[in-house]
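The values are calculated or read from the model by the stated rules, or taken from the named source; none is laboratory data. From a predicted model like this one, the values you see are computed outputs, not experimental measurements. All Cβ positions, even for glycine, are placed from backbone atoms using ideal geometry, and neighbour counts span all protein chains on display.
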Amino acid sequence: MLKTYFELLININPDIEDVMSDFFFENFSTEGVILAEETYKNLEMTATTLGTLKVYLTEKPVNIAEKLAGFRSELLLRGLTENELGSWKFSLAEKENEDWSKKWKEKWDITRVTDKIVVVPDWIEYHDKPDEVVIRLEPGCAFGTGTHPTTQICMKALEIVDVQGKTVADIGTGSGILAICAKKIGADYVYGCDNDETVIDVAKDNAQKNGVICEFELGTADKITRQFDFVMANILHNVLDEIMEDLKRITKDNGHIVLSGILDEKAPIVVNAINRCHLRIVQELYQEQWVGFVVKRQ
């Protein structure tokens, strides 16, 4: 066990928690992240660190200021604003190891997404109830624990659109949670891809933990040649805008696409892309400041 670890605190807009978490997992020796630690007294919250991302690192980060500046510039070019990003002021401290690699896991709990769908961290014991779709998950270095509204929007869409016996694609699969959910609900064949090669093995391991078979591979929508009944894309609004034509291309006639990862104020960009590709919105799903669209290919 390491004698010390490094704790980085960075001020962000909570809306981009997943984006920043992904950045740290990809670029540094990150073991885990926590967005908010809350203090309660008499069942009332008395304090919260919401807006301060805490990152646990096994090694001292190199060139962190330069990497953050480069990533910030990239997000600004993609259409996010300064307010949507937050200040990104950060501090770094070396601390004595207090079994910190397990500490962050204490913040994850069982998440009931719908009456039927439940996400359970792999380290928590849970007894399945009849007719529940229970997904057991070890995020590892991948993205997707089922707690974020954008992920939950996609899972709700899986219940709205009947995918039993159908083919499903999950673009930007991360931990594989959405692909696994689709398979457990009853999809016949599920494919997931991601442009981050480090998450593919995590997704495969999670599928194995859940006793389902999904196909995961390194890739992006533009490389896919087959078509699916249902396509999921939980990605930033600007990426959805860029790949909408590919999402349409890989969807069968009369098939459905769920688009998520969209802040309310960025929804018009995605709606324009939907209209540009002659897709039809059949349902809008809202959760907190996020919106998702279920669209149909005619």
- [ ] Please indicate, with yes or no, whether at least one residue in the range 235-255 is in contact with a helix residue (DSSP H, G or I) (Cβ under 8 Å, 6 or more places away or on another chain), in the same structural domain as L178 (by TED's automatic domain parsing), more than 30 Å from N83 (Cβ to Cβ) and assigned to a strand (DSSP E or B).
- [x] no
Task: Selected residue (criterion: modelled with the lowest pLDDT) from residues of the range 74-88 that are outside any loop (DSSP other than H, G, I, E, B) and loosely packed, with under 13 Cβ neighbours inside 10 Å - done: N83
Task: Subset of the range 272-298 (residues that are buried (at least 19 other Cβ atoms within 10 Å of the Cβ) and of a type in the set (V, I, T)) - done: I274, V291, V294, V295
Open item on the list: Checking the conditions here, which among K204, K183 is crowded, with 21+ Cβ neighbours inside 10 Å, in the same structural domain as I224 (by TED's automatic domain parsing), in a helix (DSSP H, G or I) and not hydroxyl-bearing (S, T, Y)?
Closed with: K183
Open item on the list: Going by what's in this entry, would L68 be described as at pLDDT 90 or above, surrounded by 13 or more Cβ atoms within 10 Å (Cβ to Cβ) and not basic (K, R)?
Closed with: yes
Task: Complete set of residues in the range 164-180 that are over 22 Å from V239 (Cα atoms) and buried (at least 24 other Cβ atoms within 10 Å of the Cβ) - done: I180
